[in-house]
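Single-structure report; data block below.
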Amino acid sequence: MIRWNTDRRKFLKAAGAFGAAAALKPGFAWSADGDTLRIRMEGDLQVLDPAFMIGAIEDVIMRGIYVSLNRLGDLREGSPWSPWGAEKIEQKDPKTIAFTLIEGLKWTNGFGAVTAEDVKFSYERVANPDNASPWAYQFEQLDHVEVVDERNGIIHLKNPYQPIYVVALPYYGGHIISKAATEKAGGKYTTEVPATCGPYLFTSWEQKQKVTLTANPDWPGPKPDFAKVEIYVVADDQAAQLAYEADAFDYTKIAVGEAAAVKASPPPDTTLVEAQSTRYQWLSINMLSPRLQDVRVRQAVQHGIDVSQILTGAYNDLVPRSTGVVQPGTPFARPANLIPGGDYEKAAALLAEAGASDVTLTLTVMNDSSRTAIAQIMQASLEQAGITVEIQPLDEAAYWGVGDKTQGDGYKNIDLVLMDFAGGVDPSENLVWFRPDQIGVYNWSGFDSPEYEASYQQIITETDEAKRVELSRRMETLMEESGGFIFICHQPLTLIHRNSFEPLIYPDGHPNPVLFKKKA
Amino acid sequence: MSSVAELGASIPDRQRFPRLRAMMSDPVIAIAVLLVAGFFITAAFAPWIAPYSPTKIDVLNKLQPPSAAHWFGTDHLGRDLLSRVIYGARTALMIAIVSVAIAGVIGMLLGLIAGYGPRWLDGILVLTFDSLNSLPMIMFALAIITVMGAGTGTLILVIAMTSFPSYARLIRAQTLALKNSDYIVAERLLDASPPRILFVHLLPNVIGPLIILLSMDIPVVIMVEAGLSFLGLGVRPPTPSWGSILYDGYTSIRSAPYMVIFGGLPLVLATLGFTFLGEGLRDYLDPRMKVGRPA
């Protein structure tokens, strides 16, 4: 009979040996070399109902657990779309799109096949103003979805809506959910998803730590390259980069300021991606403010800011200056700004002409390091033009309240606000926020142009690309001429990933892990 | 008969200020005095000591490592870090001293009133002190700053509002202990007015412990200011602050770790200096402490 005698010393020896062996064993956890893909996102999920989600990690998860009629290609390739959950998508006429779902799409939890009725339910639910979905704008032009049979349906639009393929169908409100399951769940849900149908199953969620997706054996479409996806929640870019270097992830966004160092000395087996994101940044100059009602004062601000200093100081010259909010590199973007900026004499002359002396303006900014750095560069720049700027840093919750008309008349009293929004592929997605009905919502410049509104209505229905380009450029010119905007840039997207695979990044800057491809 | 001056002159040097001498003979306290004095001198003479303007942006020379031109290097906007650290001392001390002084005055007045006044007033004031004391300082600060916006004024207000109840409590306790002393009763019999009793007779006897508490709270306030500035909720940019230097350094910690080191070092030294000095003062001023007592 073997007698197990142990004491504290023996136990410590054994534990030490085990620990050393574990530490020396390379790749103790499964990594991208195996069948698990580990990606990092900044925040945790709150809602997995496409109509009411907030975005970011939630949509990344939904790209795996739900199906959409089409999908997008990589941001760096212009995000071209192709069919995904539909084997056929056909534009019958400018207001009619027919689709046929692929065979074999099946809901989990016994809710049967994915049908055209589910597509109708999903889209009309987002579009219904009574539901107040934040993604309703995606289906603003949807009239209704006609169900032809189980797999066939027709999307009927109120007006021709050219951007529907890249704005509405592939993501966010475009994810298809089960009508029967949702109704059984009470018509709405948050994190208890009643049924899914996608390449992955939602396997587990450790709050504020990790979400695990595993391959769905019933998925009839192309199998994803990775059988398991682990999405880690790490808010801070610096911490995430350290964790990546310690082999905790295979894919993470990094701070823009770290790109140069990573490029010079990359971690082993790592590729650095530097791309221009769709996130556009600009300065709102509020023409409703009593201090900025004279267009010459607003123009003085436009002339008084040297944007090149911002691009160098905040973005290491990784991206050029933008000429508007529309994605650069597309034909919709203007060739140049009307006012190049950094002309302090011109700014001072405009102030003198307007009879404005001792101009003091408040610049509201979200209180993170990058944005406050930009605000300080603007402050120094405007000081040279004779304009005193007081920076008002606010935390995120307070920041989003300053231009919100539901919180009183304060939105008429803000002066300058540094803003940035996630954009899209189609120009209309980025131009929508500056319509007159957005004043006191997201249009914090008080920009109120009937011509702009008319052009917007035209650009979303126009099918002639040349005319759309002309409209897009005219709309941005109207914005700049109003004195209400200084366009800064489309922010750089900097991320690192293992060499063993090629990621696919959607235009919102977030990955679609379903389409990550292992390298041979 | 010899004069007082002559008597003083006849006392050997080593017998003068015995507790002060004893305090300064402790090397830790001596270093603390030097540190605190150094910070005050730095803050007072910042415009003459700092080699550059702390707000002068030079983006082409950002994140430069320490060199002969920039001893501490430059920050993410190309500003001279040494100059920002020097001016940061001014910010830290100004906020700490002003807010602690305001809190001290409010606490002293309310504490005297609570301790000397009628019972019902004492009850109301104590309830107020305890209510304010029950608010966690950082959470209260975050709430106030969210409503009022960040800035030096808000910071001072928040610190003063959260600090004065403990000072008031201390003064109230001291006042309660002394209000029925013979000399106070005698004053009352002589028809002395309450302000005279409070400020001429009570105050000098209760203020000692308050001064010690105030001096020991200065490093706490410096840390609170730095913490809120680190969160982007302290002083407004471009005002230099050790907390904001730390935050800006943290965002570049991998490529420019010196920002965190040079931003954090004065914070550590100031905290240590003021803490040890406070303890030394306590030993010096508290008659119950044996250290330094003349034989």
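The values are calculated or read from the model by the stated rules, or taken from the named source; none is laboratory data. All of these numbers come straight from a predicted model, not from anything done at the bench. All Cβ positions, even for glycine, are placed from backbone atoms using ideal geometry, and neighbour counts span all protein chains on display. Please note that ligands, DNA and RNA were not included when accessible areas were found on the heavy atoms of the full protein model with its side chains. Shrake-Rupley method; radii C 1.70, N 1.55, O 1.52, S 1.80 Å.
List of remarks:
- Heavy atoms of B:His70: accessible area, 1.4 Å probe, square angstrom to 10: 40 Å²
- Inter-label distance, nm, simple model (7 Å from Cα along the C-beta direction), A:Lys223/B:Leu121: 8.4 nm
- Measuring with a 1.4 angstrom probe and ignoring ligands and nucleic acids, A:Val365 comes out at about 0 Å² accessible.
- Under 16 Å from A:Lys519, Cα to Cα: lysines that are on another chain or at least 8 residues apart: A:Lys223
- Solvent-accessible surface of segment A:51-138, taken per residue with a 1.4 Å probe and all protein chains present: 38 Å².
- For chain B, calculated [θ]222 nm from helices alone, where every DSSP H run of n ≥ 4 adds -39500 (n - 2.57): -23000 deg cm²/dmol
- Residues of segment A:272-311 with amide N under 15 Å of the 7 Å Cα→Cβ point at A:Lys405: A:287-289
- Its Cα centre serving as origin, chain A has a Cβ charge dipole (Lys and Arg +1, Asp and Glu -1) of approximately 1860 debye.
- If R0 is 30 Å, the Cβ-Cβ spacing of B:Leu272 and B:Ile207 corresponds to a FRET efficiency of close to 0.70.
- Inter-site label distance for A:Thr191 and B:Ile49 at 7 Å from Cα along Cβ, in nm: 5.1 nm
- Between 0 and 90°, nearest 10: helix A:295-304 axis offset from chain A longest Cα axis: 60 degrees
- Assigned charges on the beta-carbon of Lys, Arg, Asp, Glu; segment A:435-488 dipole about Cα centre (debye): 80 debye
- Once C-alpha pairs closer than 8 Å and six or more residues apart are averaged by separation and normalised to the residue number of chain A, the relative contact order reads 19 percent.
- Protection proxy ranking, highest mean first, for peptides B:81-87, B:259-265, B:58-64: B:81-87, B:259-265, B:58-64, where packing is the per-residue count of other beta-carbon atoms within 10 Å, averaged.
- Rolled with a 1.4 Å probe across the full set of protein chains, the surface gives A:Trp433 an accessible area near 50 Å².
- Relative to the dominant Cα principal axis of chain A, helix A:344-353 is inclined by about 50°.
- Entry note: chain A has Rg to Rh equal to 1.02, where both radii use alpha-carbon atoms and Rh is the Kirkwood radius.
- If you sort B:Asp75, A:Asp225 by accessible surface, 1.4 Å probe, largest first, the order is A:Asp225, B:Asp75.
- Extension gain for A:Val441 to A:Glu345 (0.36 nm times residue separation, less C-alpha to C-alpha distance): 31.1 nm.
- Considering only B:Gly264, B:Leu170, B:Gly280, and ranking their Cα positions along the charge dipole of chain B that arises from unit charges at the beta-carbon of Lys, Arg, Asp and Glu, the one farthest toward the positive end is B:Gly280.
- Rounded to the nearest 20, the size of the Cβ-charge dipole of segment A:348-409 about its Cα centre is 100 debye, with Lys and Arg at +1 and Asp and Glu at -1.
- A helix-only calculation puts chain A at -8000 deg cm²/dmol for mean residue ellipticity at 222 nm, using -39500 (n - 2.57) for each DSSP H run of at least four residues, averaged over all residues.
- Mean Cβ count within 10 Å, highest first, over the residues of peptides A:136-143, B:122-129, B:233-240: B:233-240, A:136-143, B:122-129
- Label point distance in nm, B:Ala37-A:Glu481, each placed 7 Å from Cα along Cα→Cβ: 7.0 nm
- Rounded to 10°, Cα long-axis angle of helix A:116-127 versus longest principal axis of chain A: 40 degrees
- Sequence of A:Glu230, A:Glu453, A:Glu183, A:Glu192 from largest to smallest accessible area, 1.4 Å probe: A:Glu192, A:Glu183, A:Glu453, A:Glu230
- Under a 5 Å amide H cut-off, with hydrogens placed 1.01 Å from N, A:Leu142 pairs with A:Lys158 among residues at least 5 apart or on other chains.
- Where chain B is the region considered: accessible area per residue in Å², 1.4 Å probe: 49 Å²
- Shielding of peptide A:378-384 by partners, expressed as the average count of other chain Cβ atoms within 10 Å per residue Cβ, is 2.
- Legend: calculated FRET efficiency, B:Ile261 to A:Ala246, from the Cβ-Cβ distance at R0 = 25 Å, rounded to 0.05, equals 0.65.
- Here the relative contact order of chain B, from alpha carbon pairs under 8 Å that lie six or more residues apart, stands at 25 percent.
- For B:Asn180, net neighbour charge (Lys/Arg +1, Asp/Glu -1) across residues whose Cβ lies under 15 Å away: +1
- If R0 equals 45 Å, the separation of the Cβ atoms of B:Ala68 and A:Gln384 corresponds to a calculated FRET efficiency of about 0.95.
- In terms of accessible area, using a 1.4 Å probe and ignoring ligands and nucleic acids, A:Val469, A:Val147 rank largest first as A:Val147, A:Val469.
- Charge-dipole axis of segment A:434-520 as Lys and Arg at +1 and Asp and Glu at -1 on Cβ define it, positive-most pick from A:Phe485, A:Leu495, A:Ser445: A:Leu495
- Under the span-like rule (Cα at least 15 Å along the axis, Kyte-Doolittle mean at least 1.6), DSSP H helices of chain B: B:27-44, B:81-116, B:137-148, B:203-230
- Interface area, B with A, accessible, probe 1.4 Å, both sides summed, Å² nearest 100: 2200 Å²
- Extension reserve of the A:Lys95-A:Thr203 stretch, reckoned as 0.36 nm per residue once the Cα distance is removed: 34.9 nm
- For segment A:281-336 and segment B:215-282, distance of Cα centres in Å: 35 Å
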